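Colleague: I'd like to ask you about the structure that follows.
None of the figures in this text is laboratory data; all of them are computed from the coordinates on show. From a predicted model like this one, the values you see are computed outputs, not experimental measurements. Backbone-built Cβ (ideal geometry, glycine too); neighbour counts: all protein chains shown.
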């Protein structure tokens, strides 16, 4: 069964350092999402791509976060500099079309110390 | 502000008990309601995508109903088993957005053998 690949699974970084997460969606899925889940809350959309174009990044803290999906396939989410409040689970998901269910990766658990 | 609320926040039941959770969501501009199951250390897994008022969906011992006019959905688990222990997330998909899901904070179910 096709999966969404994410790496790393866990990341511990010091505040003010840079950190990057990688996601490889299911082949053929044009839509890719990055969500962040802070403990005790529901996942919140950070950025949505349709192919290589950003569709929604209204909740992305652009002063420190950046995301790219250069060839419309895999994607990288970067944080620079990391802050203590960025500690969370970062989930990547893809879907065939925007009205289909998502397929999620297993996430990256980030701890900023 | 769009709000999706789930209750209860957590639930502890004995093996064999039947249980249900509630998801409330905005009734206007409704397109679809998603349910996901998220087991510890795994990826969130899609259970149901529901679109029509009065819709009922079933997958094994798990079923869900949808009321779009009043803005709520119920998830039922019949005869809970320890392997049902997980966090259950609902997510609202509005008709005026691009596929973005607004998630509730989840209901964490613990089934004791």
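Colleague: Looking at the protein assembly as shown, send over the antiparallel percent of its DSSP beta bridges, to the nearest 5.
Modeller: Approximately 90 percent, going by the DSSP bridge assignments.
Colleague: A further question follows. For residue B:9 and residue B:22 in the same chain, what is the full-extension length gain: residue separation times 0.36 nm, less their Cα-Cα distance, in nm?
Modeller: 3.7 nm
Colleague: If you take each beta carbon of peptide A:28-41 and count the beta carbons of other chains within 10 angstrom, what is the mean? Don't skip to the end; give the middle numbers.
Modeller: Values: counts 0, 0, 0, 2, 0, 3, 0, 4, 0, 6, 1, 0, 3, 4.
Average neighbour count from other chains, rounded to a whole number: 2.
Colleague: Counting other C-beta atoms within 10 Å, which of B:30, B:48 has the fewest, and how do the rest follow?
Modeller: Details: B:30 18, B:48 24.
Listed from fewest to most nearby Cβ atoms, that is B:30, B:48.
Colleague: If r is the Cβ-Cβ distance from residue A:41 to residue B:52 and R0 is 30 Å, what FRET efficiency results, to the nearest 0.05?
Modeller: 0.55
Colleague: Connecting C-alpha atoms closer than 10 Å in a GNM of chain B, tell me which of B:93, B:12, B:34 has the biggest fluctuation.
Modeller: Result: B:12 has the largest fluctuation of those listed.
Colleague: Express as a percent, rounded to the nearest 5, the fraction of DSSP beta bridges in chain A (both residues included) that run antiparallel.
Modeller: Bridges in chain A are about 90 percent antiparallel.
Colleague: Go ahead and run the numbers for FRET between residue B:2 and residue B:81, Cβ-Cβ distance against an R0 of 22 Å, rounding to 0.05.
Modeller: 0.05
Colleague: Taking beta carbons within 10 Å but only from partner chains, what does the mean come to for residues B:101-109?
Modeller: Mean partner shielding for this stretch: 4.
Colleague: Out of all DSSP beta bridges in segment B:1-101, what portion is antiparallel? Express it as a percent rounded to 5.
Modeller: Working: 33 of 33 bridges.
Close to 100 percent.
Colleague: Which shape class applies to segment B:33-113: rounded if a/c is under 1.5, otherwise prolate when a/b exceeds b/c and oblate if not, where a ≥ b ≥ c are the square roots of the Cα gyration tensor eigenvalues?
Modeller: It comes out oblate by the Cα gyration axes.
Colleague: Using a 10 Å cut-off on Cβ to Cβ distances, tally the other chain neighbours for every residue of B:28-41 and report the average as a whole number.
Modeller: Working: counts 0, 0, 0, 2, 3, 0, 3, 1, 5, 0, 6, 0, 0, 4.
If you average over the peptide's residues, the count of other-chain Cβ atoms is 2.
Colleague: Then there is this: Give me A:66, B:80 sorted ascending by neighbouring Cβ count inside 10 Å, so fewest comes first.
Modeller: Ranking A:66, B:80 by Cβ neighbours within 10 Å, fewest first, gives A:66, B:80.
Colleague: 7 Å from Cα along Cα→Cβ at both residue A:89 and residue B:74: what's the point-to-point distance in nm?
Modeller: Reported label-point gap for residue A:89 and residue B:74 is 2.7 nm.
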